[in-house]
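Novice: This is the structure I want to talk about, given as structure tokens.
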Amino acid sequence: MGDAQATSQRLAADLRALGVREGGMLLVHSSLSALGWVPGGPEAVIQGLLAALGPEGTLLVPALSYDIVTPEHPVFDVRTTPSCIGAIAEHFRTRPGSLRSVHPSHSVCGIGLRAAELLVGHEQDRTPVGPNSPFRRLRDVGGQLLFLGCGMGPNTSMHSVEEVAEAPYLFRPNTVTYTITLHDGRVMQATHRRHGFGVYDIRYARLEPLLPPKVLRVGPALEGTAHLVEAAPMWERALEEMQRDPYAFVAKVG
């Protein structure tokens, strides 16, 4: 237990030194294995994140389920459907007190002062990261993005940027009707447009050299590397680049 607590404290110190704001709103993508041996596992990482944010902060972690909720199995239960993006995300989803937005493929979980505000209403969207998505709301409230050991490749917020920019490669031609179970057990159906990049592969790491130091800070986090990004100016720069070249953050493959 002592080792886990020390790990959390060390991670919190690393993140505060990087620029995570006390009382702020932080959305985290992560790779547990990239942080080295972590006594206490995912919970120690979560404790470190919460300590860095302080008692008035808000921690958001995606709980994406696109590999589980598919056109062949279009069924989502906000209470039980697992996340498919790693140990920290799945631990956070099941952690006591964690809230979850309602979306069949791109839900987000949250704990903290403004979690409910950022997660509410996601079920109204009919695309993966639409106007009610926490990924988009984070931009509007001056939040930060943290890539903990995973680099900037898995930047789901960029999907939302692509939706706003109306990227020509983004949507599949067909829709899917999902059966969605809400927190209170009620069931709804919703027809969604899905992303499908076709012959293109994402290259979101291309954004890194475009962001100035006041927008992107890179530093150590335990035995890994963390990228801390200011959400609003990242959006602004990415949209600017996509206006110049709609294919700026993808590459043709095959």
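Novice: Restricting region 184-202 to residues that are in contact (Cβ under 8 Å) with a residue 40 or more places away in the chain and under 21 Å from the mean Cα position of the chain (by Cα), which is surrounded by the fewest Cβ atoms within 10 Å (Cβ to Cβ)?
Specialist: This residue is D201.
Novice: Check M158, M152 and return the single one that is touching a strand residue (DSSP E or B) at 6+ places or on another chain (Cβ under 6 Å) and either hydrophobic (A, V, I, L, M, F, W, C) or under 29 Å from D77 (Cβ atoms) (or both). Write out each step before concluding.
Specialist: Working: M158 fails: touching a strand residue (DSSP E or B) at 6+ places or on another chain (Cβ under 6 Å).
Within the list M158, M152, the selection yields M152.
Novice: Moving to a separate point now. Being without any contact (Cβ under 8 Å) to a residue 40 or more places away in the chain, of a type in the set (D, E, K, R) and within 16 Å of H227 (Cα to Cα) is true for just one of R21, R16. Which residue is that? Write out each step before concluding.
Specialist: Values: R21 fails: without any contact (Cβ under 8 Å) to a residue 40 or more places away in the chain.
Testing whether each residue is without any contact (Cβ under 8 Å) to a residue 40 or more places away in the chain, of a type in the set (D, E, K, R) and within 16 Å of H227 (Cα to Cα) leaves just R16.
Novice: Report the residue count in region 128-155 for those that are β-branched (V, I, T) and crowded, with 20+ Cβ neighbours inside 10 Å.
Specialist: Looking only at region 128-155, we keep the residues that are β-branched (V, I, T), and these are 129, 141.
Right, trim to crowded, with 20+ Cβ neighbours inside 10 Å and you get 129.
Qualifying residue count for the region: 1.
Novice: With the structure loaded, tell me whether S105 is of a type outside the set (A, V, I, L, M) and part of a helix (DSSP H, G or I) or whether it fails that test. Reasoning before the result, please.
Specialist: Numbers: of a type outside the set (A, V, I, L, M): yes; part of a helix (DSSP H, G or I): no.
So S105 does not fit the description; no.
Novice: Also: So which residues in region 45-62 are crowded, with 24+ Cβ neighbours inside 10 Å and in a helix (DSSP H, G or I)?
Specialist: Of everything in region 45-62, those that are crowded, with 24+ Cβ neighbours inside 10 Å and in a helix (DSSP H, G or I) turn out to be V45, G48, L49, A52, L53.
Novice: Within region 127-137, identify whether any single residue is farther than 21 Å from E236 by Cβ, touching a strand residue (DSSP E or B) at 6+ places or on another chain (Cβ under 7 Å) and not in a loop (DSSP other than H, G, I, E, B), and answer yes or no.
Specialist: Looking for residues that are farther than 21 Å from E236 by Cβ, touching a strand residue (DSSP E or B) at 6+ places or on another chain (Cβ under 7 Å) and not in a loop (DSSP other than H, G, I, E, B), one finds none in region 127-137, hence no.
Novice: Check S65, S33, S8, S83 and return the single one that is among the small types (G, A, S), open to solvent by 10 Å² or more (accessible area, probe 1.4 Å) and under 26 Å from H122 (Cα atoms). Working first, answer last.
Specialist: Working: S65 fails: open to solvent by 10 Å² or more (accessible area, probe 1.4 Å); S33 fails: under 26 Å from H122 (Cα atoms); S8 fails: under 26 Å from H122 (Cα atoms).
Testing whether each residue is among the small types (G, A, S), open to solvent by 10 Å² or more (accessible area, probe 1.4 Å) and under 26 Å from H122 (Cα atoms) leaves just S83.
Novice: If you take the residues of region 203-254 that are of a type in the set (V, I, T) and over 26 Å from G142 (Cβ atoms), which of them is most open to solvent (accessible area, probe 1.4 Å)? Spell out how you get there, then give the answer.
Specialist: At the first step, the residues of region 203-254 found to be of a type in the set (V, I, T) are 215, 218, 225, 229, 250, 253.
Next, from what is left, pick out any that are over 26 Å from G142 (Cβ atoms): 250, 253.
On the way: V250: 8, V253: 57 Å².
Result: V253.
Novice: Output the residues belonging to region 162-214 that are in a strand (DSSP E or B) and more than 21 Å from D125 (Cβ to Cβ).
Specialist: Once the filter is applied, which keeps residues that are in a strand (DSSP E or B) and more than 21 Å from D125 (Cβ to Cβ), region 162-214 yields Y200, D201.
Novice: Return only the number of the condition from (1) assigned to a helix (DSSP H, G or I); (2) over 17 Å from E90 (Cβ atoms); (3) touching a Ser or Thr at 6+ places or on another chain (Cβ under 6 Å) that D3 does not satisfy.
Specialist: Single failed check for D3: (3).
Novice: Any residue at all in region 213-234 that is touching a helix residue (DSSP H, G or I) at 6+ places or on another chain (Cβ under 9 Å), of a type in the set (K, R) and within 30 Å of W37 (Cβ to Cβ)?
Specialist: At the first step, the residues of region 213-234 found to be touching a helix residue (DSSP H, G or I) at 6+ places or on another chain (Cβ under 9 Å) are 214-229, 231-232, 234.
With the extra rule that they be of a type in the set (K, R), the set shrinks to 214, 217.
Within this subset, residues satisfying the condition of being within 30 Å of W37 (Cβ to Cβ) are 217.
Within region 213-234 (the criterion being touching a helix residue (DSSP H, G or I) at 6+ places or on another chain (Cβ under 9 Å), of a type in the set (K, R) and within 30 Å of W37 (Cβ to Cβ)), the answer is yes, since at least one residue qualifies.
The values are calculated or read from the model by the stated rules, or taken from the named source; none is laboratory data. The structure displayed is predicted, hence computed values, not measured ones. Because the Cβ atoms are built from the backbone with ideal geometry, glycine has one as well, and the counts that use them run over all protein chains shown. Quick note on the areas: whole protein, heavy atoms, side chains included, nothing else; ligands and nucleic acids left out. Shrake-Rupley method; radii C 1.70, N 1.55, O 1.52, S 1.80 Å.
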